[in-house]
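What follows is a set of notes on a single structure, which appears directly below.
The values are calculated or read from the model by the stated rules, or taken from the named source; none is laboratory data. Please read these numbers as outputs of a predicted model, since none were measured by experiment. Cβ atoms come from the backbone with ideal geometry, glycine included; neighbour counts cover every protein chain shown.
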Amino acid sequence: MVPFLPGSWIKPSLAGLKTNKNVMHETLQVLQKAEQYGYSAIVLTVDVPKFGKPLLTKGMPFRLPFHLKYGILPLSPQDIKPEERTLDDNCCSWDELLWLKSVTKLPIILKGILTAEDARLAVKHGVAAIQVSNHGGRVLVDGPTTLEALAEISEVVGGEIDLFVDGGIRTGADVLKALALGAKAVFLGRPILFGLHHSGSNGVLEVLETMKEQLVLAMQSTGCRDVNAVPRNIVRKRPLAQL
């Protein structure tokens, strides 16, 4: 089990950590619960300092149903307002990450890294893993794709740290591409929600089984025998002029 620590869009967050004792106390409570309940890591989201209003999602605000809870977080859906999903300008620096490491025994996964430079800094500051993510492309629509970022990051820190990726993974072939570019695992978002909406838990299982079948077929078609040894050269980047 891996909790997503309150980061860029829910409270308590690391915003104002140095000056707000309540935020510090609430964050410590969450960390203590995570350790107590047997969670295996903390995922700290760092990619969305401020939520925008993309045209594609305008008029379709996302909100969890009111009967659902945010796991071990002391929150309910009523507590979250879109206009409050923002961070202060001076928060969530590398200093806050070091503080977080000092108060928990759990490994920390940094979610939202998209550049080689930030990946190097993440390794320097001792994170356990990096989750390459662009937040589903819902904030900065013109940002890089996660596979593009993964390729860049893998080249500089791939041998030093585990890499995960989410965003844009829709088929088993996409999973194979991610593995070839250095990911140890992928995370699914929209496909799971599509399956859930279509036929509940059975829909989710069908999505997972379909992606597994697609992955096996893609591996067979490219001569890959082991998910832990997918060669990078099965993925080739074509110039934009050829697209």
Checklist entry - Any residue at all in segment 225-240 that is more than 25 Å from residue 111 (Cβ to Cβ), assigned to a loop (DSSP other than H, G, I, E, B) and touching a residue at least 24 places away in the same chain (Cβ under 8 Å)? => result yes
Checklist outcome for this item: Of the listed residues (136, 143, 126, 159), the one being under 23 Å from residue 98 (Cα atoms), surrounded by fewer than 16 Cβ atoms within 10 Å (Cβ to Cβ) and at pLDDT below 90 is 159
Item to check | Selection from segment 108-123 of residues that are part of a loop (DSSP other than H, G, I, E, B) and buried (at least 16 other Cβ atoms within 10 Å of the Cβ) | outcome: 114
Checklist outcome for this item: Given (1) under 22 Å from residue 131 (Cβ atoms); (2) in a helix (DSSP H, G or I), residue 169 misses just (2)
